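Asker: I have a structure here, written as structure tokens, and I will follow up with some questions on it.
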Number of protein chains: 2
Amino acid sequence: MTTDLPESAPTGTIKALITPALLLDQTRLDRNIQRLARHAKDLGVVLRPHMKTAKSIDVARRVFPGGPGPITVSTLAEAEYFASHGYRDMTYAVGLSPASARRAMEISARTGAEVKLLLDTVEQADALTEVRVATGVTPSVFIELDCDDHRGGLKPDDPRLPEVADRIVATGATLAGLLAHAGESYGLSTPEALEQAAENERLATVRAAKLLRAHGHACPIVSIGSTPTAHFARNLDGVTELRAGVYMFFDLVQHGVGVCSVDDLALSVLATVIGTKPEKGWVLVDAGWMALSRDRGTASQTVDQGYGMVCDEALRVLEDVIVSQASQEHGILTIRPGSDKSMPELAVGTRVRILPNHACAMAAQHAFYSVVNGDSAEVVARWERIRGW
Amino acid sequence: MTTDLPESAPTGTIKALITPALLLDQTRLDRNIQRLARHAKDLGVVLRPHMKTAKSIDVARRVFPGGPGPITVSTLAEAEYFASHGYRDMTYAVGLSPASARRAMEISARTGAEVKLLLDTVEQADALTEVRVATGVTPSVFIELDCDDHRGGLKPDDPRLPEVADRIVATGATLAGLLAHAGESYGLSTPEALEQAAENERLATVRAAKLLRAHGHACPIVSIGSTPTAHFARNLDGVTELRAGVYMFFDLVQHGVGVCSVDDLALSVLATVIGTKPEKGWVLVDAGWMALSRDRGTASQTVDQGYGMVCDEALRVLEDVIVSQASQEHGILTIRPGSDKSMPELAVGTRVRILPNHACAMAAQHAFYSVVNGDSAEVVARWERIRGW
């Protein structure tokens, strides 16, 4: 099930890894995966995990130990990759251009995988005729719904909604259904507000599905999801499937929203101390934004985690130590502003682990995961990631 | 001199590229390279370009058309890569840990390239004995100088400076000299302040070199540099070499500092319009932070460029159009706040080019450059980039 470490890679323990290195705790990963799988089952919906965070067949195999299941992808490179590993049911959850729609159908024709498309305008719908004729594949298409003013999509009461549905069908394509993403839920922080956002996402989508059905469209799939709303949904009547991605790893932004605890965070960057400035309370490490990403998603939350929360090598949190500055290959560790703690002694050569603000962004900076389990230092596998478009 | 496009890659014009795609304008690249080369020559110093931005042998060949020259690297992966392409004189400008020092000397032993090291503590110096004995390579070592409270390094008047020098020599290593980086210059914005920062960088380093020489250390290399100070230095008496990296491509941060004009920016991301929300003044493109990076370096400058300034396909600036929001694979184009311009019509399928806040960060999100020349749409080459550590 896992890719063995190649002979050339450092084997044994994390002490042998070149730093900075991306570590993935398989125990936490599995626990996070099971938590949402159980919740989706309890709610009676299909879980269609988003592979944009993990971008790894080995992680997908932890989600689907019985073999390929339905997935969401954020790039057609992901679609090609997962199709090559036997995945047959994918939703490409980014609005289509004529060129991307054509490429998606070419991937379908070549691999036999269905790559469902997303759109929200009649212009995009109209482009499907040519795509269908050129590729010989009948596109299966979602209309994107805007439930919270977040990004793309039509409002449930937008008169263009049935018009777009009609135009999709007129091109010979299939209307797969409706898709919404409550992206604004990332800005929330109380259980009540999250439950409300989840219910709002459900209501908006179910209402739009009813409207389309009244216009004669079956609208078989009603797809919603974001990691916060997926976990806080209490009732998904009328919804058929749930999407989420970052839930597999979780991160400090999700912790700030209130979806997970720090102990759920499965991803960290292993770094080495390369300098100290005791007079400033600084410890320098060899992980800058190239390893951590430039993401500052916690800056707008109640607790600003800088470029990440710092732990020891065994993933025990060093209280109030954060990466407060980052340049390309340097991170500066300090005590969090306002804390009464003092900086622990961290000599040159000491290893620390840094938890991500945003798991998708941190993981994207790395070519592979070094897989560990709990507080064991043993590296049990090396899992490659894909990139590009 | 260039890598030909592989058969499988889209050839011909940028219209055939999958978006988002990283474009590199070779005409601007060559002009930027020549500008600083001329300036270094006029000042009578060696230019040791930093390869952390380009990470590409093909770009290095534009800098050194006559064959490998002295370079700076930010990772040992870069050191290995450039050594494999015949580069023999490198400075690894990140503070050493015992493990990285050993790996650097192993690269030296294997390839014959000199990989000069950097440190600022006696503890780091002391670790060199074991590295030298274990690898059979005599380390050549810089002491890092702190000229502006920026990051690592010792102040020129720090009594530890001669002590660290003595300890380096005591381990049997060679003291290569002093290295400073005026990183605080990125926060400046007037020619006077930049000239002053350059002069300060020079004075601090020359002063420290004198001190070391008074203690009996030859200190042959006196190395300074950052892109802003490198361009604004008017006199480099006492300095032997200049380092800079982002100058090859330039970016909006450097434009905000006042080092370049927008017409000097050699890098852009080609993106496709995938949706519009006219009621909000939004145009959605298929380039989010995965393609642009999360860097918001212009947020603290006089003009905030969001996630990048937007141009048409021929790299003509669309006045006051910026990427004001970015999620993983979506960018939202709007008119800059406070502008009296209105959003140009950009239909689904239209291509735009987005200029980077920070070239190092944008380039790091991509596996290769599609190389173009001026306003020609022809893709003349595909240049691979390296990543990792």
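Asker: Once you average over the residues of A:95-103, how many Cβ atoms of partner chains fall within 10 Å of each Cβ? Intermediate values should be presented prior to the final figure.
Answerer: Details: counts 11, 6, 12, 3, 9, 6, 0, 0, 1.
Counting Cβ atoms of other protein chains within 10 Å of each residue's Cβ and averaging gives 5.
Asker: Can I ask one more? Between the stretch A:31-76 and the stretch B:31-62, what is the C-alpha centre distance in whole Å?
Answerer: When both Cα centres are located, 47 Å separates them.
Asker: Rounded to two decimals, what is the ratio between the C-alpha radius of gyration of the stretch A:27-248 and 2.2 N^0.38 Å?
Answerer: 0.97
Asker: Based on the alpha-carbon set only, what is the convex hull volume of the stretch A:156-214 divided per residue, in Å³? Write down the numbers at each step before the final one.
Answerer: Working: hull volume 5.0 nm³, N = 59.
Convex hull volume per residue, Cα atoms: 85 Å³.
Asker: Going by the rotation axis that takes chain B to chain A, pick out the residue of B with the closest C-beta and quote the gap in whole Å.
Answerer: So the closest residue, with its distance, comes out as B:ARG294, 2.
Asker: Then there's this: How many angstrom lie between the C-alpha centres of the stretch A:134-174 and the stretch A:268-319?
Answerer: 43
Asker: Quick one: label points 7 angstrom along Cα→Cβ at B:GLY281, distances to the other copies in nm, smallest first?
Answerer: Listed shortest first, these distances are 4.2 nm.
Asker: Which log10 I(q)/I(0) values does chain A give at q = 0.08, 0.14 Å⁻¹ under the Debye formula, counting every alpha carbon as one identical point scatterer?
Answerer: Log10 I(q)/I(0), no solvent term: -0.45, -1.17.
Asker: Now a separate question. Could you point to the residue in A:SER327, A:VAL303, A:THR240 farthest towards the positive end of the stretch A:190-342's charge dipole, with +1 and -1 charges on the Cβ of Lys/Arg and Asp/Glu respectively?
Answerer: A:THR240
Asker: Determine the distance separating the Cα centre of the stretch A:187-204 from the Cα centre of the stretch B:366-381; give it in Å without decimals.
Answerer: 45
Asker: Only four residue types carry charge here, +1 at the Cβ of Lys and Arg and -1 at the Cβ of Asp and Glu. Report the dipole size of chain B about the Cα centre in Debye, rounded to the nearest 20.
Answerer: 600
Asker: Could you please rank B:VAL63, B:VAL269, A:VAL46, placing first whichever residue has the fewest other Cβ atoms within 10 Å of its Cβ?
Answerer: Starting with the residue having the fewest Cβ neighbours, the order is A:VAL46, B:VAL63, B:VAL269.
Asker: Here is a further query. In µm²/s, what is D for the stretch B:262-384 at 10 °C and 1.306 mPa s, where D = kT/(6 pi eta Rh) by Stokes-Einstein and Rh is the Kirkwood radius from Cα pairs?
Answerer: It diffuses with D of about 109 µm²/s by this estimate.
Asker: Right, here's the next one. Between A:PRO278, A:PRO356, A:PRO20, which gets the highest mean-square fluctuation from a Gaussian network model of chain A, Cα cutoff 10 Å?
Answerer: With Cα springs under 10 Å in chain A, the top fluctuation among A:PRO278, A:PRO356, A:PRO20 is at A:PRO278.
Asker: Counting other beta carbons within 10 Å of each residue's own, what order do B:SER185, A:SER56 fall into, fewest first?
Answerer: Details: B:SER185 27, A:SER56 21.
So the ranking, lowest neighbour count to highest, is A:SER56, B:SER185.
Asker: Ratio of alpha-carbon Rg to the 2.2 N^0.38 Å globular estimate for the protein assembly as shown, to two decimals, please.
Answerer: Values: Rg = 26.6 Å, N = 778, 2.2 N^0.38 = 27.6 Å.
It is 0.96.
Asker: Fewest first, what order do A:LYS277, B:LYS155 take by the number of other Cβ atoms within 10 Å?
Answerer: B:LYS155, A:LYS277
Asker: When only C-alpha pairs under 8 Å and at least 6 residues apart count, what is the relative contact order of the stretch A:262-384, in percent?
Answerer: 30
Asker: Once phi is turned into ³J(HN,Hα) by the Karplus curve 6.51 cos²θ - 1.76 cosθ + 1.60 with θ = phi - 60°, what whole-Hz value does each residue of the stretch A:283-296 show in order, with x for glycine and proline?
Answerer: Result, ordered by residue: 10, 9, 10, 8, 10, x, 5, 4, 8, 9, 6, 8, 5, 10 Hz.
Asker: Right, another one. Under the convention of a label 7 Å out along Cα→Cβ, give the distances in nm from B:ALA299 to the same position in every other copy, shortest first.
Answerer: Here the equivalent label points are 0.2 nm apart from this one.
Asker: Report the Stokes-Einstein translational diffusion coefficient (µm² s⁻¹, integer) for the stretch B:17-147, Rh taken as the Kirkwood radius over Cα pairs, at 4 °C with viscosity 1.567 mPa s. Intermediate values should be presented prior to the final figure.
Answerer: Values: Rh = 16.1 Å.
Roughly 80 µm²/s, to the nearest whole number.
Asker: Related question: To the nearest whole number, what is the average tally of beta carbon atoms from other chains within 10 Å of the beta carbons of peptide B:271-284? Write out the running numbers ahead of the final one.
Answerer: Working: counts 1, 6, 2, 11, 14, 5, 8, 0, 1, 1, 0, 2, 0, 5.
What the average comes to for B:271-284 is 4.
Asker: From the Cα gyration tensor of the stretch B:108-187, with a ≥ b ≥ c the square roots of its eigenvalues, which class applies: rounded if a/c is under 1.5, or else prolate if a/b is larger than b/c, or else oblate?
Answerer: oblate
Asker: Now for a separate question. How much mean residue ellipticity at 222 nm does chain B get from its helices, if each DSSP H run of length 4 or more adds -39500 (n - 2.57) and you divide by all residues, to the nearest 500 deg cm²/dmol?
Answerer: -9000 deg cm²/dmol
Asker: For A:ALA214, place a label point 7 Å out from Cα along the Cα→Cβ vector, do the same in each other copy, and report the separations in nm, one decimal, smallest first.
Answerer: Values, ascending and in nm: 8.8.
Readers should treat all values here as calculations from the given coordinates under stated rules, not as data from a laboratory. Treat the numbers as computed from the prediction; the structure is a model and nothing was measured. In this analysis, Cβ positions are derived from the backbone assuming ideal geometry, glycine residues included, and neighbour counts consider all displayed protein chains.
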